[in-house]
1. Could you pull out every one of the helices (runs of 4 or more DSSP H) wholly within segment 1-116 that has 3 or more residues that are within 14 Å of the chain's Cα centre (by Cα) and not basic (Lys, Arg)?
2. Residues of segment 103-122 being farther than 14 Å from LEU87 by Cβ, open to solvent by 20 Å² or more (accessible area, probe 1.4 Å) and modelled with pLDDT under 80, which ones?
3. Is it the case that segment 16-29 has a residue that's surrounded by 13 or more Cβ atoms within 10 Å (Cβ to Cβ), modelled with pLDDT under 95 and either among the acidic types (Asp, Glu) or over 27 Å from SER89 (Cα atoms) (or both)?
4. Taking GLY7 as the residue in question, decide whether it is touching a residue at least 12 places away in the same chain (Cβ under 8 Å), surrounded by fewer than 19 Cβ atoms within 10 Å (Cβ to Cβ) and either under 22 Å from PHE115 (Cα atoms) or of a type outside the set (A, V, I, L, M, F, W, C) (or both).
5. So GLN60 clears everything in (1) within 25 Å of GLY116 (Cα to Cα); (2) open to solvent by 20 Å² or more (accessible area, probe 1.4 Å); (3) not aliphatic (A, V, I, L, M) except one condition, right? Which one?
6. State which residue pairs qualify: first residue within 10 Å of ALA96 (Cα to Cα) and among the acidic types (Asp, Glu) and inside segment 47-63, second residue open to solvent by 20 Å² or more (accessible area, probe 1.4 Å) and not in a helix (DSSP H, G or I) in any location, beta carbons under 6 Å apart, and separation of 6 or more residues or different chains.
Amino acid sequence: GYEVDFGHMEALNLITAPGYSEKTVGYLACVLLLSETNEFLRLIINSTKNDLMSQNEEIQALALACIANVGGREFAETLASDVERILLSPQSHATAKKKAALCLLRLLRKYPVAFGEDGLSNVPEQRDRLID
């Protein structure tokens, strides 16, 4: 593929929009236009983090899919704890937990250093729940 130098700010504006359809197009553009080494990923980390904190399952799913598909060391280091929180939270929906598990697996395989020495949570009871 070729490097793409256009549409990055438009994608960011779409990700930060409140509507689901705008977010969908924004995350899709990021997945298609950006690689894990792109400097623009730094700008979308906060928006992605906000979407992970959302109570809307569909919006969480969009953010998790973007994290898993784009990856990147900064995504793993910054957002791994939020993805883990979704996976371990009793309030999370089953679909969000499944997507979080797959996202966490992708990040763990690609950047195990972002998860600590043993690759899992540093809290013993959370580590036991992840292993189960």
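1. Where helices (runs of 4 or more DSSP H) fall fully within segment 1-116 and carry at least 3 residues being within 14 Å of the chain's Cα centre (by Cα) and not basic (Lys, Arg), they are 20-33, 41-52, 57-70, 73-88, 94-110.
2. Residues satisfying the conditions are VAL113, ALA114, GLY116, GLU117, ASP118, ASN122.
3. yes
4. Spelling it out, GLY7 is indeed touching a residue at least 12 places away in the same chain (Cβ under 8 Å), surrounded by fewer than 19 Cβ atoms within 10 Å (Cβ to Cβ) and either under 22 Å from PHE115 (Cα atoms) or of a type outside the set (A, V, I, L, M, F, W, C) (or both).
5. (2)
6. GLU57/HIS93
The values are calculated or read from the model by the stated rules, or taken from the named source; none is laboratory data. Bear in mind that the values here come from a model prediction, so they are computed numbers and not experimental data. FYI the Cβ positions are ideal-geometry reconstructions off the backbone, even for glycines, and counts take in every protein chain you see. Side chains are part of the model used for accessible areas, which takes the heavy atoms of the whole protein and leaves out ligands, DNA and RNA. Shrake-Rupley method; radii C 1.70, N 1.55, O 1.52, S 1.80 Å.
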